[in-house]
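Report on the structure given below.
Every number here is computed from the coordinates shown, using simple stated rules; none is lab data. None of the values given here were measured: they were computed from a predicted structure. Backbone-built Cβ (ideal geometry, glycine too); neighbour counts: all protein chains shown.
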Amino acid sequence: MKRLSFLYLALAYAFIFLPVAVLVVFSFQDGRLPVPPFQGVTLKWYEKVLSDEGLMTALGHSALVAFGSSGVALALGFLAAHGLARVALPGSLLMRGLLIAPMTVSYLIIGLGLLTVFNQAGIKPSLVATGIGHVVINLPLCFAICFAAMGDHQKSAERAARDLGASEVQVLWHISAPMLAPALAAAFFLSVTFSWDEFIIAFLLTRFEVTLPVEIWSMLRSGLSPATNAIGSLVFLVSALVVIVLETLMRRKA
Amino acid sequence: MSREDRLGWGLVAPALLWTAAFFVLPFLAMLALSFAHMEGREVVHGFSFGNYVKAFGDWSQLKALVNSIEITLTVTVLSVLLAWPLAATIAWSVPPRWQRAALLAAILPFWTSYVVRSYSWALVLGKTGVLNRGFGLIGLGPYEMASTRFATVIGFTHFFVMLLTLTIYANLVQLSPNYLRAAQDLGASRLRAFVHVILPLTLPGIVTGAFVTFTLCIGDYITPQILGGNNELTLPQLIMLQMGRGGNFPMASALSVILMAVVTLAYAACARWLRLDRL
Amino acid sequence: MTRRFSTNLTALALVLASPALAEDQLNALVWCDHTDPALLEPFEKANNVKVNVKEYEGTAAGMAILDQSAPGDWDVMVVDSVDVARVAAAGRLAPIPAEALPTADFFPELVMAAQNVIDGKTYAVTEKYGYNTISFDKTKVDPADMEDMAALTSGKYDGKIGIYDYYLPVLGLVGLGQGVATADLNAGALAGLKEPLMALRKASRQVSDVVSSQTALATGEVDIVVGGGEWLTAVLAADNPNLDWTIPKQGGLRWSQSIGVVEGAANPDLALKFVQYIVSPEGQAALAQSSCYWGMPANMKAGDLLSAEAKATLRWDQQPDYLARAQLYPIPDAATDTAMQDLWTEMLNQ
């Protein structure tokens, strides 16, 4: 039984890593096409990608949108979770439902809806428009994570602080936020991940300044090349490294 | 209104306003647009069910919805079936100190770019791709895998197995192994213990993960576009086609409303087990 | 928390403020071949400007982008030559002085006054062209077969054919196979194309965009691409000399793209300068070999700047024969266009 489950584990990992391995291996392809046979090792595609101004600018845009929209989503989500967890408001179930609702809607529809409204309002596609869309998709997530993390333990700590005369801002800043720090960090990190990788909203709502997934998409559409493998591998290796470092840090702390 | 209440509203208001302005309003605008129609190349606002009649009455349009539902259901079921044993193996058979690492490894390719991930599958599944080369070595194939529904399903499943492994694992580790032991002590067979104890307890995790899978899968444009070879259209592809080539925003809106209705139905079907706010 | 939040707000505010366009920027709505730095950089350096490009595909998508924009957002636009009249009629293109353009140096067929000039005013100028016909791997198919479109549905190549996913050229080609000239392709003629189109679909393995078609041809997924041409195979020619293309005896389609100045351009002088650069021999040579796809330059003088290999890949010497045998894209009215797209959707989703 045990042997069987480890065999399954091995097969599952093989399935999960197969495309990534192929991606990385053929980013070193010394030839024009990233398909077998493998023709030898070269670093020229990495060189090409790293000196590609369009790609590097898009990378910067992606980071800006990811961190910006995640910051806004986290702030809104944290405040809303705090409000709903603390005060028994009429219709609070409905409000929770409304805040969670975007989670059940396809990104394509969110993007299309925003495009329609922005068109009518005369707002031009831009990174800000994309950021607004990303807040819409990440707000439910941030709200849900913060809301789930707020327990009785925390409520009593907040009450104690308030009884001692702390203002609401002080309570939020000195009590709630530090107590929720792991949840806040997790929500922020997940939001950044989703926004960083989001394609369809960014595709519909950007114009000159595009994010990395959109840039990669146009790269893909203009021809098959190991350069696409190279940028894909770079993004993967860097993100994986960040994830592993974060995980190690968290473990050491725990 | 008490001070407390005012404060509560004050805290919730920004998030609510944001959601109203950038989620509810756009949806209403899209709904309104879905009743408009095209005259020549111009959008004419009005109230007509023409787009919906076409979406359901014209087989070439309806087929996209059918394809999407078929693909999504296949992917959802397949992903759950593959992810459950993976999550269980990690939770029960891997030594505790290695569990986090094993889980992390199982979801690491999550951090490749989504667009690139589908593209790598295209390279793997091609006629002269890595997989067919491998089959060739043992005297099999080549198999026609690229540009098929199979390729789309594989590309999707790859992504969602990672996602579901995460949600199911989170559910499983909260489960005390004592339950299983207790059931077995009481004379239940392994199978009975599984069906009557473990499965019901992990159901919320499975259903939540499956619902997220369903939602993300049915709304995705990239994966079928890159891997499906246009041998059939999914609903998002049809939406993009109507919008991009035809400039037919009303039809694209109507199809989007239909897509949203399907997801809402799926939500209703599994609402009693869903724990979206406890993800 | 607060600090991070405000930093983010600052960042957002900065982004918000930045699109205010400076004088020295040119906004171009283009096809993907115009995004090649090798094409843009010489112009940017010579005029000390920044060219912002946004690519689009299909005239409807381009018009939608213009609809979403305010006057002055765009300076120049690349458009399918057959759609110049449609875009100009919508008031999107500004007339350009004909004497500022070197059309005297063009291949005569590519001046295309019937498309680019309306009521005596020039609204755009042809910049690049090529063919939508049949691309194939000459080691896997009999090149002689490719001279007759009937071979595609003869059963010999079942499952080895890819179709380029663009309805206009492929429907045009299917029409030629049935003896319908592209100019006669109307709603009535369309009904007769359904059966041959479905037959072609049945014999084919996939219907896909440029990259997927290239990939499929390069990896042997398919041996033939219907709708292909030099634009599809030229990029691959260096690595795979077996890829070839031809115009069958029934004929082929000639695609061409024009460039014009957008009505209300913020910077009309610079816009015209850019158009002039693009149709100059230097611009033409760079555009012909652009990274996205290759194509013949409209300006014959670009020939002096192209290498012998590049000319061979583009079939420079065969142009007189090819130009004579190829027809223009169909120019459907709105109703026919919708009918064509519906037929295409039906074919995709059969």
Taking a straight Cα-to-Cα line shorter than 18 Å from B:Lys54, and setting aside same-chain lysines fewer than 8 residues away, one finds B:Lys63
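What pairs in A:Lys124/C:Lys121; A:Lys124/C:Lys128; C:Lys45/C:Lys128 have C-alpha atoms more than 28 Å from each other? Mind showing how you got there, number by number?
Details: A:Lys124/C:Lys121 31 Å; A:Lys124/C:Lys128 30 Å; C:Lys45/C:Lys128 23 Å.
From A:Lys124/C:Lys121; A:Lys124/C:Lys128; C:Lys45/C:Lys128, over 28 Å: A:Lys124/C:Lys121; A:Lys124/C:Lys128.
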Grab the eigenvalues of the alpha-carbon gyration tensor for region B:19-128, scale each by 5, take roots, and send me the semi-axes largest first in whole angstrom.
-> 43, 20, 16
Rounded to whole Å, sorted largest first: equivalent-ellipsoid semi-axes of region C:112-269, Cα gyration tensor | 31, 21, 13
Return one number: the angle in degrees, 0 to 90 and rounded to the nearest 10, between the long axis of the Cα atoms of helix A:107-121 and the longest principal axis of the Cα atoms of chain A.
-> 80 degrees
Enumerate by residue number the chymotrypsin sites (Phe, Trp or Tyr not before Pro) in region B:98-176 meeting two conditions: DSSP loop (anything except H, G, I, E, B), and at most 16 other Cβ atoms within 10 Å of the site's Cβ.
-> B:Tyr143
Rounded to the nearest 500, what is chain A's calculated 222 nm mean residue ellipticity when only DSSP H runs of at least 4 contribute -39500 (n - 2.57) each, over all residues?
-> -24500 deg cm²/dmol
In whole percents, the bins of 10 Å from zero upward hold the Cα-Cα pairs of region C:238-336 as 13, 35, 33, 16, 3
Once you average over the residues of B:104-110, how many Cβ atoms of partner chains fall within 10 Å of each Cβ?
-> 6
Expected integer from the mean partner chain Cβ neighbour count at 10 Å over C:331-342 is 2
Roughly how crowded by other chains is peptide B:81-89, in terms of the mean Cβ count from those chains within 10 Å of each of its Cβ atoms?
-> 3
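With each run of n ≥ 4 DSSP H residues scored as -39500 (n - 2.57), what mean residue ellipticity at 222 nm is computed for chain C after dividing by its residue count and rounding to the nearest 500 deg cm²/dmol?
Values: 15 runs with 139 residues, N = 350.
Counting only the DSSP helices, I get -11500 deg cm²/dmol.
With N denoting the number of residues in chain C, provide Rg(C-alpha) divided by 2.2 N^0.38 Å, to two decimal places.
In units of the 2.2 N^0.38 Å rule of thumb, it is 1.05.
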Evaluate the Kirkwood expression for the hydrodynamic radius of region C:267-312, namely the inverse of the mean inverse distance over all pairs of different C-alpha atoms, and round to one decimal in Å.
-> 11.0 Å
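Please list C:254-267, A:119-132 highest first by mean number of surrounding beta-carbon atoms within 10 Å per residue.
Top to bottom by mean Cβ count within 10 Å: C:254-267, A:119-132.
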What lysines sit close enough to C:Lys160 to cross-link, taking a C-alpha to C-alpha distance under 18 Å and skipping anything fewer than 8 places away on the same chain?
-> B:Lys127, C:Lys138, C:Lys140, C:Lys202
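Run the dipole for the protein assembly as shown about the Cα centre, Lys and Arg Cβ at +1, Asp and Glu Cβ at -1, nothing else charged, and hand back the magnitude in debye, nearest 20.
Magnitude of the dipole: close to 4060 debye.
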Treating every alpha carbon of region B:1-63 as one equal point scatterer without solvent, the Debye formula yields log10 I(q)/I(0) values at q = 0.13 Å⁻¹ of -0.58
With +1 on each Lys and Arg Cβ and -1 on each Asp and Glu Cβ, and nothing else charged, work out how big the dipole of chain B is about its Cα centre, in Debye to the nearest 20.
-> 700 debye
If you take the Cα atoms of region B:65-278, find Rg, then find the Kirkwood Rh from the mean of 1/r over all pairs, what is Rg/Rh?
-> 1.04
If a cysteine in the protein assembly as shown has no other Cys Cβ under 4.7 Å from its own Cβ, put it on the list, ordered by number.
-> A:Cys142, A:Cys146, B:Cys217, B:Cys270
Please give the helix A:226-253 orientation as an angle from the longest Cα principal axis of chain A, in degrees from 0 to 90, rounded to the nearest 10.
-> 40 degrees
If you line up the long axis of helix C:194-203 against the longest principal axis of chain C, both from Cα atoms, how many degrees apart are they, to the nearest 10?
-> 80 degrees
What is the fewest-to-most order of B:Ser34, A:Ser239, C:Ser154 by other Cβ atoms lying within 10 Å of their Cβ?
-> C:Ser154, A:Ser239, B:Ser34
Using the Kyte-Doolittle scale, which helices in chain B average at least -0.5 and also have C-alpha atoms spread 20 Å or more along the helix axis, with helices defined as whole DSSP H runs?
-> B:3-19, B:59-88, B:149-173, B:199-218, B:249-270
Straight distance only, please: which aspartates and glutamates reach the Cα of A:Lys48 with their own Cα at less than 20 Å, same-chain residues fewer than 8 apart left out?
-> A:Asp30, A:Glu215, C:Asp33, C:Asp36, C:Glu41, C:Asp239
Which of A:Leu108, A:Leu224, A:Leu18 fluctuates most in a GNM of chain A (C-alpha springs under 10 Å)? That residue is A:Leu18
Divide, for region A:30-253, the radius of gyration over alpha carbons by 2.2 N^0.38 Å, where N is the residue count.
-> 1.24
Using unit Cβ charges (K, R positive; D, E negative) and no other charged atoms, how large, in debye to the nearest 20, is the dipole of chain C about its Cα centre?
-> 480 debye
Hey, could you grab the Kirkwood Rh for the protein assembly as shown? Inverse mean 1/r over distinct alpha carbon pairs, Å, one decimal.
-> 29.1 Å
